[in-house]
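One structure is given here, and the rest of the page talks about it.
The values are calculated or read from the model by the stated rules, or taken from the named source; none is laboratory data. Just so you know, these numbers come straight off a predicted model, no measurement behind them. For neighbour counting, all protein chains shown are included, and Cβ atoms are generated from backbone atoms with ideal geometry for every residue, glycine included. Note: areas computed on protein heavy atoms with side chains; ligands, DNA, RNA excluded. Shrake-Rupley method; radii C 1.70, N 1.55, O 1.52, S 1.80 Å.
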Protein chains: 2
Amino acid sequence: MADEVVLLDFWPSPFGMRIRIALAEKGIHYEYKEENLRNKSPLLLQMNPVHKKIPVLIHNGKPICESLIQIQYIDEVWSDKAPLLPSDPYQRAQARFWADYVDKKMYEAGRRVWTTKGEEQEGAKKEFIEILKTLEGELGEKPYFGGESFGYVDLTFIPFYTWFSVYESFGKMSIEAECPKLFSWVKRCLEKESVSKSLPDQDKVYGFVLELRKALGI
Amino acid sequence: MADEVVLLDFWPSPFGMRIRIALAEKGIHYEYKEENLRNKSPLLLQMNPVHKKIPVLIHNGKPICESLIQIQYIDEVWSDKAPLLPSDPYQRAQARFWADYVDKKMYEAGRRVWTTKGEEQEGAKKEFIEILKTLEGELGEKPYFGGESFGYVDLTFIPFYTWFSVYESFGKMSIEAECPKLFSWVKRCLEKESVSKSLPDQDKVYGFVLELRKALGI
């Protein structure tokens with residue numbers, strides 16, 4: 001039986017972008033279904049009844065939810081090509097740690113940069129830059145987070161590049177000036193077709209966030 | 001070289017308890033080091049500079065942080081005994097999903113049950129019970145979350161049993177009355193020596209929380 005792979009997604013979602021990149025890295029053909037988050041499809045509600053969130057990966061009719069879990073699933077099922085997690089248990093644990101850090105820390109601080117104002121925003125901005133510098137420190141002199149090849153942490157983090165002009169514009173900062181090495185890493189990732197072809201334009205994301213802020217009354 | 005395993009922990013932490021159970025399941029000898037969270041040891045700050053949190057697992061001098069990552073590490077390194085995650089990728093993804101749900105949803109709602117008052121507490125209590133019922137639904141008629149044997153989700157969830165009298169007392173509810181099947185699962189888990197010997201008494205945890213609430217001015 002040929003694999004039937006469906007992705008329920010929403011184009012500006014960095015979490016969805018992760019899965020688009022992972023599937024591209026593995027060369028897996030799939031059906032992309034755009035969701036309207038204000039009017040979620042019956043399929044989304046059926047496939048992710050607990051969180052009711054995108055992205056949902058549906059493999060031969062069975063749903064897998066939560067992007068970090070989806071990436072690990074993709075890597076375990078299609079293990080013959082483009083390994084994403086390292087094979088060594090300690091390196092795997094480190095990769096999981098930094099992917100978790102991106103989710104728990106960077107995403108949250110970044111969200112507060114464009115959803116808050118005044119002192120709260122200043123605090124978020126400071127925290128956000130510190131987090132980026134911590135990630136830059138972990139990257140060090142390596143071309144990718146895991147070493148010589150593009151992997152799990154890169155995949156987890158790079159979609160947020162599409163939100164950089166949102167963070168920079170609302171936080172009044174330059175990520176390139178603050179974290180030049182991290183910015184070189186971004187450029188290196190964007191040279192990969194699996195990445196560049198999976199990501200929307202920064203301008204389009206910025207336009208989306210402008211509309212979203214209006215809708216949220218910010 | 002014999003494995004040198006050290007656990008930096010704090011006795012009422014459900015996250016630390018997970019690692020105590022995982023190490024017991026695998027039959028690994030380790031040195032337990034109790035941390036004073038108001039005066040963290042230089043070793044803790046050195047081994048987990050990013051989050052500065054327990055538990056930290058130190059294996060032959062190298063730290064592994066974050067309990068869910070630690071359990072997966074333990075399962076991958078000591079793979080010859082008592083498998084914790086299922087071998088099938090889809091079942092693994094499901095196990096990861098429910099462990100993540102315990103962390104993101106149950107722990108958070110539970111914390112609000114004993115740290116808030118009035119309407120906020122009522123909301124937290126309602127949410128907490130709904131979450132427990134969702135977990136009970138996922139358990140279904142199976143003896144353990146993963147099926148016939150004790151595994152990753154059980155290990156992730158069972159430490160919170162030691163906090164049940166905290167939730168019940170401050171939330172004025174009976175978890176056994178709300179979720180009888182879940183309670184049978186608790187009893188089943190407690191029959192395992194790896195579990196019962198790794199968990200502190202509920203009364204002791206309750207006493208700790210009473211003191212903590214005073215210290216926090218709740």
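The lysines within cross-link reach of residue A:81, meaning a Cα-to-Cα straight distance under 16 Å and a gap of 8 or more places when in the same chain, are A:26, A:192. For residue A:33, the lysines whose Cα comes closer than 16 Å to its Cα, not counting residues fewer than 8 places off in the same chain, are A:52, A:53, A:62.
Suppose a student asked you for the relative contact order of the range A:5-77, using Cα pairs under 8 Å spaced at least 6 residues apart; what percent would you report?
On the way: 94 pairs, mean separation 28.4, N = 73.
Once divided by the residue count of the range A:5-77, the mean separation gives 39 percent.
The largest accessible area among A:15, B:128 belongs to the first residue in A:15, B:128, and the rest follow in falling order (1.4 Å probe, all chains).
Put the Cα centre of the range B:1-37 next to the Cα centre of the range A:149-164 and the gap is 33 Å. In the protein assembly as shown, helical runs assigned H by DSSP with n ≥ 4 each contribute -39500 (n - 2.57); averaged across all residues and rounded to the nearest 500, the mean residue ellipticity at 222 nm is -16500 deg cm²/dmol.
Under the convention that each Lys and Arg Cβ holds +1 and each Asp and Glu Cβ holds -1, the size of the dipole of the range B:89-216 around its Cα centre is about 200 debye. Among B:18, A:20, the order of accessible area from largest down is A:20, B:18, computed with a 1.4 Å probe on protein heavy atoms. Summary value for the range A:89-216: 25 percent relative contact order, contacts being C-alpha pairs under 8 angstrom separated by 6+ residues. Under the criterion of Cα pairs below 8 Å and six or more residues apart, the relative contact order for chain A equals 21 percent.
Where a ≥ b ≥ c are the square roots of the eigenvalues of the C-alpha gyration tensor, would you call the protein assembly as shown rounded, which needs a/c under 1.5, or, failing that, prolate if a/b is larger than b/c, or oblate? Rounded.
Tell me whether chain A comes out rounded, prolate or oblate; compute the Cα gyration tensor, take square roots of the eigenvalues as a ≥ b ≥ c, and use a/c under 1.5 as the rounded threshold. The shape class here is oblate.
Annotation note: trypsin sites (Lys or Arg not before Pro) in the range A:49-134 located in DSSP loop regions with a Cβ neighbour count of at most 14 within 10 Å are A:52, A:81, A:117.
Of all DSSP bridge pairs formed entirely within the protein assembly as shown, close to 70 percent run antiparallel.
With a 10 Å cut-off around each Cβ of B:87-94, the average count of Cβ atoms from other chains is 6. For the range A:5-77, dividing the convex hull volume of the Cα atoms by the residue count gives 80 Å³ per residue.
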